[in-house]
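Comments concern the structure below.
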Amino acid sequence: GASLLALVWDSIPDPVKILALALIAVTMTAAGAHLGNSRPRYRVAAATITGTGGGLGFVAIVGAVLLGGMLSPEPALALMACWGLVLLAVSHMTRVLFTAIISTIGALVTIGFAFSHVTHQASTAIVTWLMISVYVTVLALTCAALSRGTGRMRLAAWYPVTSMVATATALIAAPIRSMLRVSTIGGTS
């Protein structure tokens, strides 16, 4: 099946590729979450399936921007942020920390994607980094709520690590010069 797919890959339209990948990502994430809840004995398998689906979700969103411009960068940033928050919720629901790790990696991908976008289009620096700031704030609030509400999960204290890593990366990667070129007041804020 993989060989056949490789042979016809170039003839498949880009939107079909992206939508199929997104469908696979959502299906794998949901199946892994269901398996983790219904059969706690299979937590490793559930974490693997959920983590793979979570990673494919980020790949599908970035692919939608890069392949044919199906999606513009700003909605893609919002989708990546929402997908990362969904993965945190799935991690909380299934009590599998590995999914939170995938969400952390996704947060780094989201911030890296935003930085790349600002590098290529400096005029969008303030709006893009405002979106990242909102995302990092919502991520911090979500992680704090999840870590407080999971007394039964042994490693729940590690949820804030996701937020701390994303916040530190956003602060380090902030395109200060680009923002100041667009607007001194906006960049300073």
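Ser116 meets the conditions (1) open to solvent by 20 Å² or more (accessible area, probe 1.4 Å); (2) without any contact (Cβ under 8 Å) to a residue 40 or more places away in the chain; (3) among the polar types (S, T, N, Q); (4) over 22 Å from Ala60 (Cβ atoms) in every case but one. The failed one is (4). Screening Leu79 on (1) free of Cβ contacts under 8 Å to residues at least 12 places away in the same chain; (2) open to solvent by 50 Å² or more (accessible area, probe 1.4 Å); (3) touching a Leu at 6+ places or on another chain (Cβ under 9 Å) shows it passes everything except condition (1).
Does His117 satisfy the criteria of being of a type outside the set (S, T, N, Q), part of a helix (DSSP H, G or I) and closer than 26 Å to Thr29 by Cα? No.
Looking at region 96-104, can you tell me whether even one residue there is closer than 21 Å to Ala33 by Cβ and outside any helix (DSSP H, G or I)? Yes, the conditions are met somewhere in region 96-104. Looking across region 21-46, the residues that are assigned to a helix (DSSP H, G or I) and farther than 30 Å from Met70 by Cα come down to His34, Leu35, Gly36, Asn37, Ser38, Pro40, Arg41, Tyr42, Arg43, Val44, Ala45, Ala46.
Looking across region 20-39, the residues that are in contact (Cβ under 8 Å) with a residue 24 or more places away in the chain and of a type outside the set (Gly, Ala, Ser) come down to Leu21, Ile24, Val26, Thr27, Met28, Thr29, Asn37.
If you check Ser123 against the conditions, is it without any contact (Cβ under 8 Å) to a residue 60 or more places away in the chain and surrounded by 15 or more Cβ atoms within 10 Å (Cβ to Cβ)? Against the criterion (without any contact (Cβ under 8 Å) to a residue 60 or more places away in the chain and surrounded by 15 or more Cβ atoms within 10 Å (Cβ to Cβ)), Ser123 does not qualify.
Looking at region 166-189, which of its residues are surrounded by 13 or more Cβ atoms within 10 Å (Cβ to Cβ) and closer than 13 Å to Tyr135 by Cα? Passing the criteria: Ala166, Thr167, Thr169, Ala170. Screening the candidates Leu146, Leu85, Leu79 for the property of being in a helix (DSSP H, G or I), within 21 Å of Gly32 (Cβ to Cβ) and at pLDDT 90 or above yields one hit, Leu79.
Take Thr110 and tell me if it is closer than 18 Å to Met164 by Cα, in contact with a Leu (Cβ under 6 Å, 6 or more places away or on another chain) and crowded, with 24+ Cβ neighbours inside 10 Å. No; evaluated as a whole, the condition is false for this residue.
The values are calculated or read from the model by the stated rules, or taken from the named source; none is laboratory data. Treat the numbers as computed from the prediction; the structure is a model and nothing was measured. Quick reminder, even Gly has a Cβ in these numbers, built from the backbone with ideal geometry, and neighbours come from all protein chains shown. All accessible areas refer to the heavy atoms of the entire protein, side chains included, with ligands and DNA or RNA removed. Shrake-Rupley method; radii C 1.70, N 1.55, O 1.52, S 1.80 Å.
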